[in-house]
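The values are calculated or read from the model by the stated rules, or taken from the named source; none is laboratory data. Note that the coordinates shown come from a computational prediction; the quantities given were computed from them, not determined experimentally. Methodologically, a virtual Cβ is constructed for each residue, glycine included, from the backbone with ideal geometry; neighbour enumeration extends over all protein chains shown.
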Amino acid sequence: MATVTYDHATRLYPGTDRPAVDALNLHVEDGEFLVLVGPSGCGKSTSLRMLAGLEDVNSGRILIGDRDVTDVQPKDRDIAMVFQNYALYPHMSVADNMGFALKIAGTPKADIRKRVEEAAKILDLTEYLDRKPKALSGGQRQRVAMGRAIVREPQVFLMDEPLSNLDAKLRVQTRTQIASLQRRLGVTTVYVTHDQTEALTMGDRIAVLKDGLLQQVGTPREMYDSPSNVFVAGFIGSPAMNIGSFRVADGAAQLGQTRIPLERTVLSAITDEDKGHITIGFRPESLDVVSQAHESAFPVEVNLVEELGSDAFLYGAIANAGAEAREMHSGAGDAQVIVRVDPRQVPRKGETVWVAIRPGERHAFSAATGQRIAVV
Amino acid sequence: MPQSLQITAAAPDPALLDLPWDVPLEEWPDKVLAALPRGISRHVVRFVKMSGRVIAIKEIGETVAFREYELLRALQRLRVPSVVPVGVVNGRRDASGERLETCLVTQHLQFSLPYRALFSQQLQPDTTTRLVDALAVLMVRLHLTGFYWGDVSLSNTLFRRDAETFAAFLVDAETGDLHDRLSDGQRAYDLEVARVNVIGELMDLEAGELLESGVDTVAIGAALVERYTELWDTLTGAESFSTGERWRVAARIEQLNSLGFDVGELDITTDVDGTTVHIQPKVVDAGHHARRLMRLTGLDVQENQARRMLNDLDSYAAAADRQGEEEEFVAHDWLTTVFEPAVRAVPRELRGKLEPAQMFHEILDHRWYISSEQGRDVPLPEAVASYVEKVLRARPDEKAVLGVSDTAVLPVVRD
């Protein structure tokens with residue numbers, strides 16, 4: 001087992017001006033499950049393939065443990081790319097299906113059997129080892145495929161969107177399986193996905209990339225509670241955070257008649273480049289329905305209520321904000337605000353409700369740079 | 001409103017609409033299915049009869065289906081030997097409105113043989129080696145065009161007879177990616193995956209007692225790597241020589257031609273004092289002989305079949321003392337007086353057994369064999385008659401191989 005280090009690792013495709021991965025610095029701890037996440041074209045898969053040795057590293061280096069593998073052949077890196085290839089061999093026993101790569105590598109028979117048995121125990125396949133794959137269920141077959149990677153005892157597992165070709169139900173099941181399996185094995189794992197829910201539920205830590213640049217790396221909680229910039233704020237969380245560009249006047253962020261008081265530290269962080277504006281973000285669940293008399297209450301006109309049983313989400317627009325309402329964005333689109341409301345007391349469509357941001361749950365970002373402004 | 005059935009295809013065949021899309025592929029009735037051998041697949045795959053041809057249908061996730069469809073189309077444009085995509089069918093629902101998986105539809109490659117079907121037939125001793133050779137050539141061609149396969153295996157390949165060898169076609173592009181140029185790492189990884197998969201597949205045949213005895217599976221995997229590397233180096237390697245040896249430029253091109261490749265672009269540089277010349281092929285295209293035969297006769301055949309037919313054309317020209325003539329005219333006469341009569345002399349009911357070009361190749365082989373046996377030059381019509389009776393009649397039908405056990409659904413094996 002080992003750590004993984006990206007040290008200013010850069011991948012520039014010939015004929016392009018902008019690196020696909022730009023001076024990536026990232027350290028993955030021994031045994032950690034790290035998820036690389038971001039929209040398509042952000043460089044997450046390229047980063048993974050650089051670690052796998054499939055992409056050249058144009059500058060910087062990549063280390064597995066203390067070993068610089070930048071120029072090492074893929075097969076000599078001691079890594080395993082795990083994909084959902086469960087095309088099992090029908091004439092071979094489950095044990096042989098799991099251990100055949102070791103046999104090819106010339107591993108002694110007794111060692112193979114021992115490693116296969118260990119892997120089978122972890123995968124709950126012990127009783128099937130001497131049967132043919134025909135006897136297995138779909139899920140078990142998939143575990144045999146995982147077993148193929150496990151018996152090789154690699155230093156690092158690499159997974160590139162392994163769930164992308166599964167249907168929604170199997171995806172959730174397999175997600176849990178992979179995460180718990182990884183914890184039991186304790187093998188350092190780098191996992192790529194475009195799905196932030198997958199990232200939040202599986203990763204010990206998450207690294208968010210955009211345009212080849214690392215935006216932020218941290219635990220799911222850190223990413224969720226203190227996103228370091230507007231992009232991460234909007235990307236992590238579902239439904240997405242409500243984010244709006246507000247005018248700064250009289251010590252408060254204002255949008256239409258909405259007035260959100262700002263702390264002194266936040267106000268002092270505003271620069272000339274911000275041109276009198278600030279970006280304010282608040283998650284759907286950070287809003288409380290309050291009375292109009294509440295100090296920082298603002299009105300939302302209800303367009304739609306989505307009831308999910310345990311939760312209900314209200315989709316609406318900030319009322320009486322005129323053209324400025326368009327400065328608000330959420331997971332539902334422009335000029336929209338999403339509010340989580342008590343599923344037992346849902347407002348009706350067309351109604352106006354007054355909401356306020358719960359103390360300490362408001363995020364502020366520089367209008368010019370998009371960087372988080374900390375409330376000290 | 002529920003999403004309706006949607007068919008994405010470049011040239012949609014209305015008959016596609018008549019297929020039972022509201023039924024999971026696994027449960028499609030026998031009357032629409034074609035009994036063809038299937039490879040090992042991680043998805044449900046079925047062969048279906050439609051408008052007098054056979055199509056392959058695979059149930060697969062929607063995004064993956066569209067991705068693979070586009071990739072296969074790109075490979076067609078690059079003229080890489082691969083299955084021809086027909087379209088994607090999505091928005092499927094069963095009778096109770098439950099969502100069904102998206103389907104990718106491809107054309108069944110006529111006269112193609114999955115490796116499992118080849119191993120269940122009577123085999124010539126070195127079939128395994130020839131399959132692996134064909135796979136190595138296919139990989140080199142894919143890598144030259146910038147295609148990274150990701151999951152190279154015999155299961156993801158189809159084979160067609162090509163004179164005494166095989167030509168390999170890519171079937172499954174699900175894990176593939178098209179790049180401007182592949183890195184050495186990508187090529188090396190693809191090759192390693194191929195090596196391990198091929199050995200695994202052969203070990204499986206061994207376990208099922210389907211493999212000729214005495215085959216060293218690991219050595220065959222190594223042979224794949226060796227053959228690939230050799231071919232890649234010959235096709236792309238740089239070479240330097242002194243200015244006085246400029247004939248070596250022509251020699252290199254000839255060497256590539258003899259391997260079946262044309263040189264599209266050759267980089268020639270000399271060093272500062274002009275004493276050394278460096279050459280490196282930049283663009284090489286497979287199908288040198290096939291293209292030449294196509295130009296001369298309009299026949300579209302595999303590379304080695306073309307090579308064989310061109311040789312016969314040459315000996316025809318020599319025998320008729322027409323070597324100085326325009327090649328096109330001689331080729332036309334050869335086509336109408338040699339090739340077509342020979343193929344037409346084969347009884348209609350036996351023509352589905354082999355592709356015409358492959359049949360012609362075997363007829364030439366047979367003529368050589370009986371001529372040397374009888375110590376005389378057996379004329380072609382006589383050779384055809386003898387071939388039909390002694391060889392062809394006993395051959396299985398290969399246009400669409402029938403009656404081979406199904407391997408997609410893993411066969412029941414009792415311990």
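For the stretch B:202-218, a residue qualifies if it is over 25 Å from the mean Cα position of the chain (by Cα), assigned to a loop (DSSP other than H, G, I, E, B) and either touching a residue at least 60 places away in the same chain (Cβ under 8 Å) or within 10 Å of chain A (Cβ to nearest Cβ) (or both), and the qualifying residues are B:Gly208, B:Glu209. When the stretch B:266-304 is filtered for residues that are in contact (Cβ under 8 Å) with a residue 40 or more places away in the chain and among the small types (Gly, Ala, Ser), the ones remaining, listed by number, are B:Ala286, B:Gly287. Confirm whether B:Asp273 is acidic (Asp, Glu) and assigned to a strand (DSSP E or B). Taking the combined requirement at face value, the residue does not satisfy it.
Quick check, is A:Val266 touching a helix residue (DSSP H, G or I) at 6+ places or on another chain (Cβ under 8 Å) and crowded, with 20+ Cβ neighbours inside 10 Å? So A:Val266 does not fit the description; no.
Name the residues in the stretch A:219-231 that are surrounded by 19 or more Cβ atoms within 10 Å (Cβ to Cβ) and either over 17 Å from A:Ala367 (Cα atoms) or under 10 Å from the mean Cα position of the chain (by Cα) (or both), would you? Please lay out each step first, then the result.
If we filter the stretch A:219-231 for residues that are surrounded by 19 or more Cβ atoms within 10 Å (Cβ to Cβ), which is where we start, we get A:223, A:227-231.
Within the stretch A:219-231, A:Met223 is the sole residue that qualifies.
When the criteria are applied in full, B:Ala163 fails the requirement of being away from chain A (no Cβ under 13 Å) and in contact with a strand residue (DSSP E or B) (Cβ under 9 Å, 6 or more places away or on another chain).
State the number of residues belonging to the stretch B:182-200 that are facing another protein chain (nearest Cβ under 7 Å) and surrounded by fewer than 22 Cβ atoms within 10 Å (Cβ to Cβ).
Step one: of the stretch B:182-200, the residues facing another protein chain (nearest Cβ under 7 Å) are B:183, B:185-186, B:188-189, B:192, B:196, B:199-200.
Now drop any that are not surrounded by fewer than 22 Cβ atoms within 10 Å (Cβ to Cβ), which leaves B:183, B:188, B:192, B:196.
Total satisfying the criteria: 4.
A count restricted to the stretch A:160-176 and to residues that are modelled with pLDDT of 85 or more, under 19 Å from A:Ile122 (Cα atoms) and out of contact with any Leu (no Cβ under 7 Å at 6 or more places or on another chain) stands at 1.
Suppose the filter is of a type outside the set (Gly, Ala, Ser), within 9 Å of chain B (Cβ to nearest Cβ) and either crowded, with 20+ Cβ neighbours inside 10 Å or over 26 Å from B:Ile220 (Cα atoms) (or both); does A:Arg77 pass it? Spelling it out, it is not the case that A:Arg77 is of a type outside the set (Gly, Ala, Ser), within 9 Å of chain B (Cβ to nearest Cβ) and either crowded, with 20+ Cβ neighbours inside 10 Å or over 26 Å from B:Ile220 (Cα atoms) (or both).
Go through the stretch A:101-220 and tell me which strands (runs of 3 or more DSSP E), entirely inside it, have 2 or more residues that are of a type outside the set (S, T, N, Q) and within 13 Å of chain B (Cβ to nearest Cβ). Correct list: A:156-160.
Here is the figure for the stretch A:85-100: residues that are more than 7 Å from every other protein chain (Cβ to nearest Cβ) and not in a helix (DSSP H, G or I) total 2. For beta carbons closer than 9 Å, sequence separation of 6+ or different chains, a first residue in the stretch A:360-375 that is under 17 Å from A:Gly237 (Cβ atoms) and a second that is of a type in the set (Phe, Trp, Tyr), the qualifying pairs are A:Glu361/A:Phe282; A:Arg362/A:Phe282; A:His363/A:Phe282; A:Gly370/A:Phe231; A:Arg372/A:Phe365.
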